[in-house]
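S.K.: The structure that follows is given in the form of structure tokens.
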Amino acid sequence: MRFITTRGQAPPVSFKTAVFRGLAPDGGLYVPETIERWPAAELSRLPRRTLTEIGLRVLRPFTRGELDATVFEAVVAAALDFEIPLVPIEPDVYALELFHGPTLAFKDVGARVMARLMASLHEGDAPLTVLVATSGDTGGAVAHAFHGVPFTRVVVLYPDGRISPTQEAQLTMFNGEAAGEACGNVRAYAVAGSFDDCHRLTREAFGDAELRDRVPMTSANSVNVGRLLPQMIYYFHAVAQLAAAAGDSAPLAGRVPRDAGPDRVVFCTPSGNFGNLTAGLMARRAGLPVAHFVAATNINDVVPEYLETGRFQPRGSVQTIANAMDVGHPSNFERMLWLYGQSVDAMRADIAGVRYADDQVRDTIKRTFERCGYLLDPHSAIAYLGITGWSGPRPRAGIFLATAHPAKFAEIVEPIVGRSIPKPRPLAEALARPRPILRIGATLDAVKETLAG
């Protein structure tokens, strides 16, 4: 499989090159030259496949010829060693719980697969620096995924004062480890600015030829196909679970109508940088029979606005309680435009855009807990609002992506529901560790100084 750039001004490359390079030389994003469609017979076998088997099948076309089959299977099995259950919330509405990994967020899927792919594809002794900007959950997932991985160093940039205390604990828990220690390869820096500033700094660093000559770098944001493509896996896994349930297989037997065919499924994806939704769109291109997608945002709504007006107008992000979605210039929108040939009408045929304010999110967390006994974090609440507010042809099954454990946002959720939220073990351990805060300015010079260390 060859990978081309969204801007078409750089030559095609291999999967390995695309992963280690991150951004293309022309400033565009790498995309697969083709997205192979699954035969109908293979789709029909989805309900009988395990998560690991689905992961292997989803990724195989993109990695073919670049990884030994045994190594590839070990990579996927080790990365996806946690459950991703489909949970019924109310009639015809299901949560795909993506928060059972080590950092309790959906980004564990892509980050863990990417880290293990890089370790397997790495050659030589020269260390690779993984530079990543985060609005909250990406950095923690990347830090944990790469922690202790040989020949890698991770530098995370996050907006100072704009992430939750829990997210900061997960980000900074490795800052106290000495750089010479076996696992002292992760550093997180609090940047004096917004997520958009952090993202701008990473793009400036990757665009600095002199810096890249001195410091081999790649990205671990969803601009990197090595993190983006694994996110296709859980869309297939969700449909597999739904189809199994409709056929009276455990664990959802009796909770799904028999006519809830996958072509009657609508997904709602809470969206910030839009990598999660882009992965779903690619899964649909690969043959996953999905009726429609809902792109749900907070008030940082440049993509819903584009779907309404046909104009893409990036702007500075606004802080909300769904902070991982506080993105005013989503980088993966470039891939979405590539997928749809720059046509807003073609995009509208597959995607509806909605946005919600903080008061609506708080009210939804409270009502859903009182009515259904189900706890939502702010990002998942936006997805729930999107799927329950879907105004198109009524699906037999609406699936919303529950992207983070509510305990990660306890300071927001607990006052709303009036009860404490038990902390899962990985979270309790992160909160118990010292967390030195390393602060830098929002300048490229400041980032260069961290990379020179």
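S.K.: Can you list, bin by bin at 20 Å, the percent of alpha carbon pairs in the chain, starting at 0?
M.R.: Per 20 Å bin, starting at 0, the Cα pair percentages come out as 26, 62, 12, 0.
S.K.: Based on alpha-carbon centroids, what's the gap between the range 74-96 and the range 376-453 in Å, whole number please?
M.R.: What the calculation gives is 17 Å, centre to centre.
S.K.: Ranked from highest to lowest mean number of other Cβ atoms within 10 Å per residue, what is the order of the peptides 126-138, 419-431?
M.R.: Answer by packing, highest mean first, reads 126-138, 419-431.
S.K.: Would you mind working out the magnitude of the charge dipole of the range 269-359 relative to its Cα centre, with +1 at each Lys and Arg C-beta and -1 at each Asp and Glu C-beta, to the nearest 20 Debye?
M.R.: 320 debye
S.K.: Based solely on C-alpha atoms, express the radius of gyration and the Dmax of the range 344-453 in angstrom.
M.R.: In order Rg, Dmax, the Cα atoms of the range 344-453 give 19.4, 56 Å.
S.K.: Show me the ranking of peptides 75-84, 220-229 by mean Cβ neighbours inside 10 Å, starting with the highest.
M.R.: 220-229, 75-84
S.K.: To continue, here is another question. If N is the number of residues in the range 291-417, what value comes out of its Cα radius of gyration divided by 2.2 N^0.38 Å?
M.R.: Ratio of Rg to 2.2 N^0.38 Å for the range 291-417: 1.09.
S.K.: Hey, what do the phi angles of the range 129-135 turn into as Karplus ³J(HN,Hα) couplings, whole Hz, using 6.51/-1.76/1.60 and θ = phi - 60°, x for Gly and Pro?
M.R.: 8, 9, 9, 9, 9, 9, 9
S.K.: Within 10 Å, count the other beta carbons around each residue, average over each peptide in 46-57, 158-169, and list them highest first.
M.R.: 158-169, 46-57
S.K.: Would you list LYS366, LYS16, LYS107 from the most to the least accessible area, probe 1.4 Å?
M.R.: The residues order as LYS366, LYS16, LYS107, largest area first.
S.K.: So for the range 103-191, what percent of the C-alpha to C-alpha distances run longer than 20 Å?
M.R.: Result: 29 percent of Cα pairs exceed 20 Å.
S.K.: Still on this model: What's the center-to-center distance, using Cα atoms, between the range 118-136 and the range 288-311 in Å?
M.R.: 32 Å
S.K.: Let me ask something else about it. In deg cm²/dmol and to the nearest 500, what is the mean residue ellipticity at 222 nm of the chain if only DSSP H runs of at least 4 residues count, each as -39500 (n - 2.57), divided by the residue total?
M.R.: So the helix-based figure for the chain works out to -12000 deg cm²/dmol.
S.K.: For GLU308 and ARG60, compute 0.36 nm times the residue count separating them, minus their Cα-Cα distance, and round to one decimal in nm.
M.R.: Full extension from GLU308 to ARG60 adds 85.6 nm.
S.K.: On the accessible surface of the chain, probed at 1.4 Å, how many percent belong to carbon and sulfur atoms?
M.R.: It is 52 percent, rounded to a whole number.
S.K.: Could you do me a favour and compute the accessible area per residue for the chain, 1.4 Å probe, result in Å²?
M.R.: Result: 36 Å² per residue.
The values are calculated or read from the model by the stated rules, or taken from the named source; none is laboratory data. Keep in mind that this is a model prediction, so the values were computed, not measured. Using ideal geometry, Cβ is built from the backbone for each residue, glycine included, and neighbour counts are taken over all protein chains shown. For the accessible areas, the whole protein counts, side chains as well, though only heavy atoms, and no ligand, DNA or RNA atoms are used. Shrake-Rupley method; radii C 1.70, N 1.55, O 1.52, S 1.80 Å.
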